[in-house]
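The structure appears right after this line, and notes come after that.
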Amino acid sequence: KSQLDLKPKNFRVRENGEPVFVDLEWGRSSKVAEISQSIQVSGEADDSVIVSLQYMAPEQKTRMQIEKGKEYLADVFSLGAIFYETLMGKYPDGIPEPLTENIRIVSALGESKTRQLNDFVFRTMAQEPRKRPQSVDELVNGVKEIVGYEEKNPLKEMSEQIAAKDKQ
């Protein structure tokens, strides 16, 4: 089942650089929150959830029929948008700027890996769910492979720098 309320505000980064989702119960609430950027989406029976409009997948916004068992692909879209925003410092609105335009990312990863990461992140935000990574594991493993997570991890270093700034 899809969590649906994925947004940067609901994530924290552990000391080891691992992101953690921290707001599980709010997304499963059956009450409408009084927040202008959220909407209650009704599911089957008592399966309503609150969704942040900015991070909703296109199929959620248009209430397109989602293939049973594939609801989580909306989360893949949301995670891609969050990842883009984390890397670029802005939400991927309209026609998003490629990651290759960000000097900080290119200098941390190199041009080749930045192009690979760009293609992968944009794939997670594909308008059609079937074009996205088909599982969160595929998403996580794809990013780890591109950035060499087991080796020196420049994205971990960037997230540590951001976390240190946030504490100031």
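Can you figure out the FRET efficiency of residue 61 with residue 122, using R₀ = 22 Å and their beta-carbon distance, to the nearest 0.05?
Numbers: r = 18 Å, r/R0 = 0.84.
Efficiency computed from Cβ-Cβ geometry: 0.75.
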For a quick check: with amide H placed at 1.01 Å from N, whose amide H comes under 5 Å from residue 6's, ignoring anything fewer than 5 positions away on the same chain? 52
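Could you sort the peptides 8-16, 63-71 by per-residue average Cβ neighbour count (10 Å cutoff), highest mean leading?
Descending packing order for the listed peptides: 8-16, 63-71.
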Of the listed pairs 61/144; 90/167; 61/131; 61/167, which have alpha-carbon separations greater than 28 Å here? 61/144; 61/167
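Read-outs throughout are calculated quantities, based only on the coordinates presented, and are distinct from any laboratory measurement. None of the values given here were measured: they were computed from a predicted structure. Cβ: placed from backbone, ideal geometry, glycine included. Neighbour counts: every protein chain shown.
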